[in-house]
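Q: To start, I am sharing the structure in question, which I have written as structure tokens.
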Amino acid sequence: MRTRLSLSVRGKRLLRELRRLRDERRMSPEDVAGQLGWHKTKLYRIERGESRLILDDLDELLELYGVCSPERESLFQLGKDAWKRGWWLAYRDLYQGESFFVMENDAAKISVYAPNLLPGLLQTEDYARASIQAMHATGDVGEMARQLSVRIERQGILARKSPPEVLAVLDEVVLRRTVLDKEVHRDQLNRLIELDQSPNITIQVVPFSKGVYTGQSGQFTIFEFPDPEDAPVAYQEGLFGDVYVEDANDVARYTLAAARFREMALDAGASTEFIRDLLKETG
């Protein structure tokens, strides 16, 4: 079964528009299914994102709803783009699903709050390799190599013509925790300074002197999307599975934790100087 979270943002928008069109015409899913000769559960599954909407079915729906150009062409283009599969499909056996990759790929802003681990988007290849080797459960060389490929491939979004805005708020411990090779650690600190010069990337540091703070208990990410109608999604990775939070009230709790996290952080300029000073210490 395809869950709704596996849809791209374009797919979610299309399904939302189709539900709106049906509601405006005061038609039930059974009404639509009856007029199109579909099984009565087919539209339910399509509108919930549990069944792929093929273009022929989309054409029938738009015809039934009396949708004319240019709205028709716009929705049809969404239909063409909605279920395009990304590079990550080649690695789907490594992960629980593709939801994280879809959201990261579609997001206009990615905010990562990291009290423990350096976010993968910011890692050098050598640092990523060392961290994967240190944390891998089985030590399978082939699997670790593929995980490294995924991590580096993800960073391609930063090289886009219109890359997403990235905010990374890092606890000092993230910067001080070293991998085995000292030079790899130094190269990583230099990479953070370099990334911080990009207009779309902001790195902030929470120094030890700030003490204990909200959000310190776990790493989380908030994804925001280009269309205001696409609500933010919070993501938290856990030992026993990943959690995706879409409910507005629950996302608000993550947003509050994020705000408290940032309140404790140095501003961007001071954070850069903090990383420079740390780099000197590692001399």
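Q: Given the condition at positive phi, out of contact with any Pro (no Cβ under 7 Å at 6 or more places or on another chain) and touching a residue at least 24 places away in the same chain (Cβ under 8 Å), answer yes or no: does some residue in segment 260-271 qualify?
A: No: segment 260-271 contains no residue that is at positive phi, out of contact with any Pro (no Cβ under 7 Å at 6 or more places or on another chain) and touching a residue at least 24 places away in the same chain (Cβ under 8 Å).
Q: For segment 182-213, which positions are more than 18 Å from Ala265 (Cβ to Cβ) and without any contact (Cβ under 8 Å) to a residue 12 or more places away in the chain?
A: Listed by number, the residues that qualify are Glu183, Glu194, Gln197, Pro199.
Here is a yes/no grid of residues against (1) of a type in the set (A, V, I, L, M, F, W, C); (2) outside the structural domain of Thr214 (by TED's automatic domain parsing); (3) within 24 Å of Gln188 (Cα to Cα):
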position	(1), (2), (3)
Tyr91	no, no, no
Phe101	yes, no, yes
Val112	yes, no, yes
Pro115	no, no, yes
Pro119	no, no, yes
Thr124	no, no, yes
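Q: Take the residues in segment 113-134 that are of a type in the set (A, V, I, L, M, F, W, C) and part of a loop (DSSP other than H, G, I, E, B); name whichever of them is surrounded by the most Cβ atoms within 10 Å (Cβ to Cβ).
A: Only one residue fits best here, namely Leu118.
Q: Could you please give the count of residues in segment 149-175 that are surrounded by fewer than 13 Cβ atoms within 10 Å (Cβ to Cβ) and either part of a helix (DSSP H, G or I) or not assigned by TED's automatic domain parsing to the domain that holds Val206 (or both)?
A: 2
Q: A follow-up question, please. Would you mention how many residues in segment 127-168 are of a type outside the set (Gly, Ala, Ser) and under 16 Å from the mean Cα position of the chain (by Cα)?
A: Qualifying residue count, segment 127-168: 14.
Q: Can you name every one of the helices (runs of 4 or more DSSP H) wholly within segment 41-112 that holds 2 or more residues which are touching a residue at least 40 places away in the same chain (Cβ under 8 Å) and touching a strand residue (DSSP E or B) at 6+ places or on another chain (Cβ under 7 Å)?
A: Per the criteria, 99-106.
Q: Looking only at segment 265-283, which residues are buried (at least 16 other Cβ atoms within 10 Å of the Cβ) and either part of a helix (DSSP H, G or I) or of a type outside the set (A, V, I, L, M) (or both)?
A: Ser271, Thr272, Phe274, Ile275, Leu278, Leu279, listed by residue number.
For (1) farther than 20 Å from Gln77 by Cβ; (2) among the small types (Gly, Ala, Ser), each residue gets a yes or a no:
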site: Arg20; (1), (2): no, no
site: Asp23; (1), (2): yes, no
site: Ser28; (1), (2): yes, yes
site: Ala33; (1), (2): yes, yes
site: Gly37; (1), (2): yes, yes
site: Thr41; (1), (2): yes, no
site: Glu50; (1), (2): yes, no
site: Asp57; (1), (2): no, no
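Yes or no, residue by residue, for (1) out of contact with any Lys or Arg (no Cβ under 6 Å at 6 or more places or on another chain); (2) farther than 14 Å from Ala168 by Cα; (3) assigned to a strand (DSSP E or B); (4) not assigned by TED's automatic domain parsing to the domain that holds Leu170:
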position	(1), (2), (3), (4)
Thr202	yes, no, yes, no
Val205	yes, no, yes, no
Ser209	yes, yes, no, no
Thr214	no, yes, no, no
Pro228	yes, yes, no, no
Ala231	yes, yes, no, no
Asp242	yes, yes, yes, no
Glu263	yes, no, no, no
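The values are calculated or read from the model by the stated rules, or taken from the named source; none is laboratory data. None of these values were measured; they are calculated from a predicted model. Counting neighbours? That spans all protein chains shown, and the Cβs are built from the backbone with ideal geometry, glycine included.
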